Amino acid sequence: MPYPHVLLSAAVSLDGYLDDTGPDRLLLSSPADFDRVDEVRASVDAILVGAGTIRADNPRLLVNSPERRAARVAAGRPEYPLKVTVTATGDLDPDAKFWHTGGEKTVYTTDEGARRARALGIAADVVPLGAGLGWRPLLAHLYDVRGVRRLMVEGGGTVHTQLLQQGLADELQLVLAPLFVGDPKAPRLFGPGGYQAGRLRLLDTRRIEDVVLMRYEPTAPGTGGSAAAADRHWLRLACELAAHCPPSRTAFSVGAVVVAADGTELARGHSREAGDPVVHAEEAALAKIPPADPRLATATVYTSLEPCTHRASRPHPCAELILRAGVRRVVTAWREPDTFVTAADGTGTLREAGVEVLVLGEYEAQAKAPNGHLLG
């Protein structure tokens, strides 16, 4: 199921706090950084905060720059991004600034919370998600029903923690402010629990007056049958690698990446790599990894086209090579058509052998792009 690109945005003290315990909100960002945040808001389709943040900070969540709002309108977009909040109970303050400024608003809640929220008479679309709240159905609804492609999440700490721990955050934009809070009762950005095992990828750093902006991207694959945001990153890379293949009239152009459970890239490859006219992408990538590497057992293979089950050029098809390597998880963008092999079904072969296979069809068009001459 496609989800929006989820961007987590926060500012913290040097000791990791979002705020202090005083009656007024602690301003951690600099004036120039507040303008940067306004620019990011103007670029997204929706901004989300938890109901606790509305109660604690009473934010307006607006695009403040008239020029940026005008640019949105000129591009055929609403003047303001959709404002979204999440509440399990429906306990909302109808007088909060959130409801009385900006454009459209949406509340995601439980069935019971929806009854309470609607009784308040707030000007918002109230969407019940059932007996409990779930981030995956919420993100799917934003994508499918509200057309949200980029979602900015501005807090609070519980929301950020849940999205990161569930592998649903595509990007973290973190501003580090040069001060200490030191109060154990103050709110922290991230709570305890299970996060990805490895290191996140640093995308960018920038000094903005006296604060530092750091942009990170999660790298660890998902587990089992659930796709994590990092799965989408690695599959996009596999599709990009397919575009580097020398064109052929007798074979598909495919890219592949093998990634360890902690997000370490083990190897990558593409069809007809290094002048070998018959090498396949998965074959090229796996050949670069020592067969005894213990990380293979928990690794994920990303491939733009499902692994082959029949081939004339080599004795072992890619599905067999994956099984021999001990890999138990594969993410692909495109099921093999009948162009060269009828009913190949590499996905079915791997699943029958106990491998978890995810097909993320939203990347099928990208996987097909370098193969258009074969598809007609």
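Descriptive notes on the structure:
- Rh (Kirkwood; distinct C-alpha pairs) - region 125-229, Å: 16.0
- For region 1-31 versus region 137-172, the gap between their alpha-carbon centres in whole angstrom: 15
- Phi to ³J(HN,Hα) by Karplus 6.51 cos²θ - 1.76 cosθ + 1.60 over region 190-203, Hz, x for Gly, Pro: 10, x, x, x, x, 10, 4, 6, x, 8, 6, 8, 7, 8
- Three semi-axes describe the equivalent ellipsoid of region 229-375; taken as square roots of 5 times the Cα gyration tensor eigenvalues and ordered largest first, they are 21, 16, 15 Å.
- Shown in residue order for region 126-132 are the 3J(HN,Hα) couplings computed by the Karplus curve 6.51 cos²θ - 1.76 cosθ + 1.60 at θ = phi - 60°: 9, 10, x, 10, x, 5, x Hz (x for Gly and Pro).
- Mean Cα-pair separation over length for the chain, i.e. relative contact order, pairs under 8 Å, 6 or more apart, %: 14
- Per-residue Karplus couplings for region 263-271, computed as 6.51 cos²θ - 1.76 cosθ + 1.60 with θ equal to phi - 60°, are listed in order as x, 6, 6, 8, 5, 9, x, 8, 4 Hz, Gly and Pro entered as x.
- Nearby lysines by direct alpha-carbon distance to LYS83 (threshold 27 angstrom, same-chain neighbours under 8 apart not counted): LYS97, LYS105
- Compactness check for region 5-217: Cα Rg over 2.2 N^0.38 Å is 1.00.
- Highest mean first, the peptides 337-345, 300-308, 141-149, 159-167 sorted by other C-beta atoms within 10 Å per residue fall in the order 300-308, 159-167, 141-149, 337-345.
- Packing rank of 48-56, 71-79, where each peptide gets the mean count of other beta carbons within 10 Å, highest leading: 48-56, 71-79
- Put simply, the amide H of ARG328, placed in the peptide plane, has neighbours under 5 Å in ALA299, leaving out anything fewer than 5 places away on its chain.
- Both numbers refer to the Cα atoms of the chain; Rg and Dmax are 23.4, 73 Å.
Rule-based calculations on the coordinates, nothing more; no lab input. All of these numbers come straight from a predicted model, not from anything done at the bench. Virtual Cβ from ideal backbone geometry, glycine too; neighbours counted across all protein chains shown.
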